[in-house]
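The values are calculated or read from the model by the stated rules, or taken from the named source; none is laboratory data. This is a predicted model, so every value here is computed, not measured. As a convention, Cβ positions derive from the backbone with ideal geometry for all residues, glycine included, and neighbour counts pool all protein chains shown.
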Amino acid sequence: MKLLMIFTTHFEYETAQNSLDEFRTDDNGKIYKNCLVAFIHAEENDQNDAKGVEDKLLKNVKWAAKKNETNIILLHSFAHLSETKADAGFTKKLFDAVENRLKNADYQAFQTPFGYFLNLKVEAPGNPLSRLFKSF
């Protein structure tokens, strides 16, 4: 798992191009304010320890959200951080599980459209905890 977390004061996306036919959405775009965006790359070997990877992902995004004083977390599939990729179905199930667990812990949790390239607008403050990277 590769995880790049950026606290944003403004995060906006529009769907641009579908890259996985099995995933479709009517979501054309959204705007989030003061949220932690988790750019997530699930790697092939993550499939061997799904529960462990899920727990570590959850722990890291909750920690980063707390450090940035937000309860809004946006999960974004970003399969550009490593050379191997997990199966798309595995990754989507991971995202759904983490989103549900965050909601059950009183976070506002969301996902960008899975399987889409997006046009992005990002504003992020320049402080040490607003940009964090983890590999596990």
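For segment 46-69, check the following and say yes or no: at least one residue is β-branched (Val, Ile, Thr) and loosely packed, with under 15 Cβ neighbours inside 10 Å. Lay out the reasoning, then the answer.
Here is the first cut: in segment 46-69, the residues β-branched (Val, Ile, Thr) are 53, 61.
Those left that are additionally loosely packed, with under 15 Cβ neighbours inside 10 Å: none.
The answer is no, given that none of the residues of segment 46-69 is β-branched (Val, Ile, Thr) and loosely packed, with under 15 Cβ neighbours inside 10 Å.
Just to be sure I understand, how many residues within segment 108-136 are surrounded by 14 or more Cβ atoms within 10 Å (Cβ to Cβ) and among the basic types (Lys, Arg)?
2
If you check every pair at least six apart or on different chains, which have Cβ atoms under 6 Å apart with a residue in segment 12-28 that is farther than 9 Å from Gly115 by Cα and part of a strand (DSSP E or B) first and a residue that is hydroxyl-bearing (Ser, Thr, Tyr) and modelled with pLDDT of 90 or more second?
The qualifying pairs are Tyr13/Thr112; Thr15/Tyr116.
If Lys85 satisfies all but one of (1) in contact with an Asp or Glu (Cβ under 7 Å, 6 or more places away or on another chain); (2) part of a loop (DSSP other than H, G, I, E, B); (3) farther than 20 Å from Phe133 by Cβ, what's the number of the condition it fails?
(3)
Suppose the filter is in contact (Cβ under 8 Å) with a residue 40 or more places away in the chain, among the small types (Gly, Ala, Ser) and either under 15 Å from Lys134 (Cα atoms) or assigned to a strand (DSSP E or B) (or both); does Ala64 pass it? Quick ask: steps written out before the conclusion?
Details: in contact (Cβ under 8 Å) with a residue 40 or more places away in the chain: yes; among the small types (Gly, Ala, Ser): yes; either under 15 Å from Lys134 (Cα atoms) or assigned to a strand (DSSP E or B) (or both): yes.
For Ala64, the condition - in contact (Cβ under 8 Å) with a residue 40 or more places away in the chain, among the small types (Gly, Ala, Ser) and either under 15 Å from Lys134 (Cα atoms) or assigned to a strand (DSSP E or B) (or both) - is met.
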